[in-house]
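The values are calculated or read from the model by the stated rules, or taken from the named source; none is laboratory data. These figures come from a predicted structure and were not determined experimentally. Cβ: placed from backbone, ideal geometry, glycine included. Neighbour counts: every protein chain shown.
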Amino acid sequence: MAYLNSNNGRLFYELEGEAGKEVLVFSNSLGTDHSLWNLQVPEVLKQFRVLRYDVRGHGQSETTSGPYSIKLLANDVLELLDHLELEKANFCGISIGGLTGQWLGIHAPERIDKLIIANSAAKIGTTEGWNERIDSVRKNGLASIEEATRQRWFTPEFVAANPELVEEVLRVFVQTDPEGYCSCCAAVRDADFRQDISRIQAPTLVIAGTEDKVCTVEDGGLLAENIPDARQVNLKAAHISNIEAAADFSRLLINFCSS
Ligand SMILES: O=C(O)CCC(=O)CC(=O)O
């Protein structure tokens, strides 16, 4: 575990695995941190080096003054790769992490080997919806939207069967710095890659959740239809599919990156 000073902000990261293996970078969703990938890492490490980090304003990464942009968040990844002298890597991002992946695929194709965009979209939500969420979090804190978040992130069946796992994810959520969260909400609000995704050259795997109401199967379809070398797989899960369908997610990811 280590820190990098990136664009005047301290970024937390962890690089694991044997030097010489290909690298897979994981980028977390809004209100989570690098621990989101705990269920993937042991399997992935059998074949890849794993680079995880906390998105700016989340976990142990610093909350610099906002609002943020996806370009800023993607440049954090490029600085991390430069710092670790990694010329190219596979990149897997979920939701806001998937937007970061799209930016990298469009603007830094020479740094991205294979791209996995999970539970994301070329445009997520509406300006009004994001502004309402920002106002509500600034006034009432993240705990005030915890229950609604649980319902968007996991199906009721998964919550009932895995209460401790779900509570652990939500514990990270309520501990997230509200200002960091709001600054990232603004980055999601302002991102719209619908006109640009056709420029992504990296082989791309789009993963969607059949029960995801935030980034739908149709949102995944728009990505898969417009990115030239993309295919889509739908998992039976809500928004946080890498946890709700962890084994299938890991298998897909590993098969795709090793093909
Ligand atoms: O999860 C993200 O990174 C952004 C999309 C979102 O609104 C997630 C949520 O809180 O339901």
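Restricting to the stretch 177-191, name every residue that is away from the ligand (no atom under 11 Å from the Cβ) and either surrounded by fewer than 15 Cβ atoms within 10 Å (Cβ to Cβ) or of a type outside the set (A, V, I, L, M, F, W, C) (or both).
Residues satisfying the conditions are ASP177, PRO178, GLU179, GLY180, SER183, ASP190.
For the stretch 46-101, which positions are hydroxyl-bearing (Ser, Thr, Tyr), away from the ligand (no atom under 13 Å from the Cβ) and over 17 Å from ALA121 (Cα atoms)?
Across the stretch 46-101, the qualifying residues are TYR53, SER61, THR63, THR64, SER65.
For the stretch 164-205, which residues satisfy the criterion of being part of a helix (DSSP H, G or I) and of a type in the set (Lys, Arg)?
ARG171, ARG189, ARG199
Keeping to the stretch 1-39, report how many residues are part of a loop (DSSP other than H, G, I, E, B), within 30 Å of GLY141 (Cβ to Cβ) and more than 16 Å from the ligand (Cβ to nearest atom). Steps first, answer last, please.
As a first pass, look at the stretch 1-39 and keep what is part of a loop (DSSP other than H, G, I, E, B): 1, 7-8, 17-22, 28-33, 38-39.
Now restrict to residues that are within 30 Å of GLY141 (Cβ to Cβ): 1, 7-8, 28-33, 38-39.
This time we only want the ones that are more than 16 Å from the ligand (Cβ to nearest atom), so: 1, 7-8, 38-39.
Count: 5.
Filter the stretch 137-155 down to residues that are small (Gly, Ala, Ser) and assigned to a helix (DSSP H, G or I) and give me whichever is nearest to THR176 (Cα to Cα).
Looking at residues that are small (Gly, Ala, Ser) and assigned to a helix (DSSP H, G or I), I get ALA143.
Among (1) part of a loop (DSSP other than H, G, I, E, B); (2) touching a Cys at 6+ places or on another chain (Cβ under 8 Å), there is one condition ALA208 misses while meeting the rest; what is its number?
Result: ALA208 fails condition (1) only.
To keep it simple, each residue is scored yes or no on (1) within 28 Å of TYR3 (Cα to Cα); (2) of a type outside the set (Val, Ile, Thr).
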position	(1), (2)
SER65	yes, yes
SER69	yes, yes
GLU79	yes, yes
LEU84	yes, yes
LYS88	yes, yes
PHE91	yes, yes
ILE96	yes, no
ASN119	yes, yes
ARG152	no, yes
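Between residues in the stretch 207-230 that are farther than 23 Å from PHE154 by Cα and residues that are assigned to a helix (DSSP H, G or I), which pairs lie under 8 Å by C-beta distance while being six or more apart or on different chains?
Between residues of the stretch 207-230 that are farther than 23 Å from PHE154 by Cα and residues that are assigned to a helix (DSSP H, G or I), the close pairs are ASN226/ILE197; ASN226/SER198; ILE227/GLY105; ILE227/ILE197; ILE227/SER198; PRO228/SER198; ALA230/LEU223; ALA230/ALA224.
How many residues, within the stretch 208-218, are surrounded by fewer than 17 Cβ atoms within 10 Å (Cβ to Cβ), within 20 Å of ALA247 (Cα to Cα) and in contact with a helix residue (DSSP H, G or I) (Cβ under 9 Å, 6 or more places away or on another chain)?
Of the residues in that region, 1 qualify.
Is there any pair linking a residue in the stretch 56-69 that is among the acidic types (Asp, Glu) to one that is assigned to a loop (DSSP other than H, G, I, E, B) and surrounded by 16 or more Cβ atoms within 10 Å (Cβ to Cβ), with Cβ under 8 Å and at least six apart or on different chains, and which?
Short answer, once both residue conditions are applied: GLU62/ARG56.
Would you confirm whether or not the stretch 192-207 contains a residue that is buried (at least 19 other Cβ atoms within 10 Å of the Cβ) and charged (D, E, K, R)?
No: the stretch 192-207 contains no residue that is buried (at least 19 other Cβ atoms within 10 Å of the Cβ) and charged (D, E, K, R).
Of the residues ILE134, ILE124, ILE106, which is among the β-branched types (Val, Ile, Thr), outside any helix (DSSP H, G or I), modelled with pLDDT of 95 or more and farther than 22 Å from LEU252 by Cα?
It is ILE124.
Which one is surrounded by the fewest Cβ atoms within 10 Å (Cβ to Cβ), of the residues in the stretch 106-122 that are away from the ligand (no atom under 11 Å from the Cβ) and within 14 Å of the chain's Cα centre (by Cα)?
Our first condition is that a residue be away from the ligand (no atom under 11 Å from the Cβ); within the stretch 106-122, this holds for 106-117, 122.
Next, only the ones that are within 14 Å of the chain's Cα centre (by Cα) stay: 115-117, 122.
Values: LEU115: 27, ILE116: 29, ILE117: 33, ALA122: 21.
Ranking the qualifying residues of the stretch 106-122, first place goes to ALA122.
Residues are listed down the side, and each one gets a yes or a no for (1) closer than 24 Å to GLY129 by Cβ; (2) hydrophobic (A, V, I, L, M, F, W, C); (3) within 13 Å of the ligand (Cβ to nearest atom); (4) surrounded by fewer than 20 Cβ atoms within 10 Å (Cβ to Cβ):
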residue	(1), (2), (3), (4)
GLY220	yes, no, no, no
LEU223	yes, yes, no, no
PRO228	no, no, no, yes
ILE240	yes, yes, yes, no
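Just for helices (runs of 4 or more DSSP H) wholly inside the stretch 215-259: which have at least 1 residues that are among the aromatic types (Phe, Trp, Tyr)?
Numbers: elements: 217-226, 241-244, 246-258.
In the stretch 215-259, 246-258 are the helices (runs of 4 or more DSSP H) which contain 1 or more residues that are among the aromatic types (Phe, Trp, Tyr).
Given the options VAL77, VAL55, name the one that is touching a strand residue (DSSP E or B) at 6+ places or on another chain (Cβ under 9 Å) and part of a helix (DSSP H, G or I).
VAL77
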